[in-house]
Amino acid sequence: MDLSTLKTHIKTKTFEPVYIFTGPEVGVMDIYIKQMAKAQDAVVTRLDGIDDLAKKMHKGAMLKNRSVYILRDCKEFIQDNDFALKITQKNTLSGASLILIYTS
């Protein structure tokens, strides 16, 4: 996905369940994350790792609150294809977005 598509998602308030941001420009990423959260009337929640994400999914917390979840430089997510596939299903992330940030 390119930046213009992301801007369109923010403007139209239609979001994908998972986004992947890459590169060293973390400050710019934070600006877009805040805009996404504002457009969704959601809170930004930074997660410590894949275990934290799994706990939120298990508790159903992702379905109760409108949230934008952030996982930064999470190598476990890339390595666990079954888990990655499970959470990218739209019904799993209903009402929430997950943003994976990889700075390198």
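Structural remarks
- Filtered residue count, segment 44-57, keeping only those that are assigned to a helix (DSSP H, G or I) and among the β-branched types (Val, Ile, Thr): 1
- Within segment 32-74, considering residues that are among the polar types (S, T, N, Q) and more than 26 Å from Ser104 (Cα to Cα), the one modelled with the lowest pLDDT: Asn65
- Scanning segment 4-31 for residues being closer than 17 Å to Ile101 by Cα and without any contact (Cβ under 8 Å) to a residue 40 or more places away in the chain gives a total of 6.
- Within segment 1-31, if we keep just the residues that are assigned to a helix (DSSP H, G or I) and β-branched (Val, Ile, Thr), the residue that is surrounded by the most Cβ atoms within 10 Å (Cβ to Cβ) turns out to be Ile10.
- Any hit, segment 32-43, residues being part of a strand (DSSP E or B), surrounded by 11 or more Cβ atoms within 10 Å (Cβ to Cβ) and free of Cβ contacts under 8 Å to residues at least 40 places away in the same chain: yes
The values are calculated or read from the model by the stated rules, or taken from the named source; none is laboratory data. Because the structure is predicted, anything quoted here is derived from the model rather than measured. Glycine gets a Cβ as well: all are built from the backbone with ideal geometry, and neighbour counts include every protein chain shown.
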